[in-house]
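The values are calculated or read from the model by the stated rules, or taken from the named source; none is laboratory data. Bear in mind that the values here come from a model prediction, so they are computed numbers and not experimental data. In this analysis, Cβ positions are derived from the backbone assuming ideal geometry, glycine residues included, and neighbour counts consider all displayed protein chains.
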Amino acid sequence: MSQNAQPALGIVAGGGELPLAIAESARENGREVFILALLGSADAWVSSYPHEWASLGEVGKIIKTLRGNGCGDVLLAGKLARPKFSEIKLDAKGVLVAPRIIAAARHGDDALLRAVVEVFEREAFTVLGAQEAAPGLLATTGQMGRVAPSADDRDDVVAAFKVVRAMGALDIGQAAVVCEGLVLAVEAAEGTDAMVARVATLPEHLRGTPAKRRGVLAKAPKPIQDGKTDLPVIGVQTVQNAAAVGLAGIAVEAGGALILRKQAVIAEADKLGLFLLGVAP
């Protein structure tokens, strides 16, 4: 048990930087951390923490391992490709919960994630969101960095957030790119990086260039999300990708999006000449 008498934080970790950022933040705040690393998804960094590997279908093993390591609080984080349920090997507990999980998956990613959260809650775990376990990662309101958005940029921010809200209500995605009021790209299953890359394939009269930056990438959580899973995330790579396709900046929902390595992200935006903006919900 940690000094502040909190139970250990169990992080069910997929791939990417987010699980590591949460683990680092929790550890810096004096909290014990245990990593349940998902086979085929989690990365090698988990070896620097107390950890155990398990496949997605080993629900019984996952629950037993987390409980055995004193994890009263559980958090789900990281990239996980939508599985082919017919190929997942299930343990006894997995067989029991699989029908509920599969049925939820047919209603979209958020329904699937909510069903997974319910599995843990039924086992008496408290499921946390990243904003609870690592509040320092949350985007703040206002301009971050030296570059300020122009009046046209701010109009694009407003338009982009309208698009993201409408998409989110339909469980489509969390991000969109808008340039001078024109929607250039929306995020679906391919993810933000691939969506941003598509902008470069458009004619230059529709978009910005590194020499003359126009347009904004906006990210916000879906209105149907409960905040315990899958908040939108940006990092240094997001800034580099946006710069490469000529965008003027990035706007995220303050308190509803995570910034990994925030100071590095701000420094990269300053270096590349992009604005970084936190917008109140």
Which one is surrounded by the most Cβ atoms within 10 Å (Cβ to Cβ) among residues in segment 119-139 that are touching a Ser or Thr at 6+ places or on another chain (Cβ under 8 Å) and among the small types (Gly, Ala, Ser)? Ala134
Residue tally, condition free of Cβ contacts under 8 Å to residues at least 24 places away in the same chain and more than 26 Å from the chain's Cα centre (by Cα), over segment 170-203: 2
Cβ-Cβ distance below 7 Å, separation of 6 or more or different chains: which pairs start in segment 254-281 with a residue that is more than 15 Å from Ala244 (Cα to Cα) and end on one that is surrounded by fewer than 22 Cβ atoms within 10 Å (Cβ to Cβ) and of a type in the set (Ser, Thr, Tyr)? Ala254/Thr140; Ala254/Thr141; Gly278/Thr140; Gly278/Thr141; Ala280/Thr141
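To keep it simple, each residue is scored yes or no on (1) closer than 22 Å to Ala257 by Cα; (2) at pLDDT 90 or above.
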residue	(1), (2)
Ile101	no, no
Asp110	yes, no
Glu121	no, no
Thr126	yes, yes
Ala159	yes, yes
Test result for Glu268, part of a loop (DSSP other than H, G, I, E, B) and not hydroxyl-bearing (Ser, Thr, Tyr): no
Go through (1) out of contact with any Cys (no Cβ under 7 Å at 6 or more places or on another chain); (2) under 25 Å from Asp270 (Cβ atoms); (3) surrounded by 14 or more Cβ atoms within 10 Å (Cβ to Cβ) for Gly215 and report which single condition fails. (1)
Can you find a residue in segment 71-79 that is under 14 Å from Leu9 (Cα atoms), modelled with pLDDT under 90 and not acidic (Asp, Glu)? yes
Flagged in segment 25-51 as crowded, with 18+ Cβ neighbours inside 10 Å and not small (Gly, Ala, Ser), in numbering order, are Arg31, Glu32, Val33, Phe34, Ile35, Leu36, Leu38, Val46, Tyr49, His51
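Scan segment 23-36 residue by residue and report those that are touching a Gly at 6+ places or on another chain (Cβ under 9 Å) and not acidic (Asp, Glu). Working first, answer last.
Step one: list which residues in segment 23-36 are touching a Gly at 6+ places or on another chain (Cβ under 9 Å), which gives 25, 28-29, 32-36.
Once the filter is applied, which keeps residues that are touching a Gly at 6+ places or on another chain (Cβ under 9 Å) and not acidic (Asp, Glu), segment 23-36 yields Ser25, Asn29, Val33, Phe34, Ile35, Leu36.
Condition test on Gly256, is it buried (at least 19 other Cβ atoms within 10 Å of the Cβ), at pLDDT 95 or above and in a loop (DSSP other than H, G, I, E, B)?
Working: buried (at least 19 other Cβ atoms within 10 Å of the Cβ): yes; at pLDDT 95 or above: no; in a loop (DSSP other than H, G, I, E, B): yes.
For Gly256, the condition - buried (at least 19 other Cβ atoms within 10 Å of the Cβ), at pLDDT 95 or above and in a loop (DSSP other than H, G, I, E, B) - is not met.
With Ala251, Ala242 as the choices, which residue is of a type in the set (Gly, Ala, Ser), assigned to a helix (DSSP H, G or I) and closer than 23 Å to Arg198 by Cβ?
On the way: Ala251 fails: assigned to a helix (DSSP H, G or I).
On inspection, the qualifying residue turns out to be Ala242.
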Just to check your reading of the model, which residue among Thr201, Thr229, Thr192 is of a type in the set (S, T, N, Q), at pLDDT 95 or above and not assigned by TED's automatic domain parsing to the domain that holds Ala13? Thr201
